[in-house]
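Notes follow the structure.
The values are calculated or read from the model by the stated rules, or taken from the named source; none is laboratory data. For clarity, every value in this text was computed on a predicted model and none was experimentally measured. No Cβ is skipped: glycine too gets one built from the backbone with ideal geometry, and neighbour counts run over all protein chains shown.
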Amino acid sequence: MAKILIVDDDPDIVEASTLFLERAGHDIATAFNRRDGMKAVETFGPDLLILDVMMEQPDDGFAMAQELRRQGWKRPILMLTSVASASGLAFGRDDEMVPVDDFQAKPVEPAELVRKVAALLNA
């Protein structure tokens, strides 16, 4: 199936997401911060990227997505976020500030994650 890179500083989210997506037949690589995630994009060559919004810095996910898009990376990005539930703030896709293809709220429902990944890969 597809090569998917998960970049999230929460080991439980990474472990669970890896398990669900491997069961769906995908090849998974992981990173726990923006710096390692950027290296993994180059070495692993994912077909899809799953990014957490907040890692070492509160905007690491946004900054990583912005940097990749500026570099010409066209593959889908799914952003995981608990920002809305934790802060009451809502945000949506924006080609410049939030250049991602879809959002998934945390905690992640396994079936919904697999469905969104499949939809993004087939878009």
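Of all residues in the stretch 48-83, those being surrounded by fewer than 17 Cβ atoms within 10 Å (Cβ to Cβ) and part of a loop (DSSP other than H, G, I, E, B) number 9.
The residue list Phe91, Phe103 contains one member that is touching a Gly at 6+ places or on another chain (Cβ under 9 Å), at pLDDT below 90 and surrounded by 14 or more Cβ atoms within 10 Å (Cβ to Cβ), which is Phe103. Every condition in (1) of a type outside the set (Gly, Ala, Ser); (2) at pLDDT 85 or above; (3) more than 21 Å from Ala118 (Cα to Cα) is met by Ile77 except one, and the failing one is (3).
Quick one: in the stretch 37-47, of everything that is on the phi < 0 side of the Ramachandran plot and of a type outside the set (A, V, I, L, M, F, W, C), which residue is surrounded by the most Cβ atoms within 10 Å (Cβ to Cβ)?
Looking at the filtered set, the residue picked out is Gly37.
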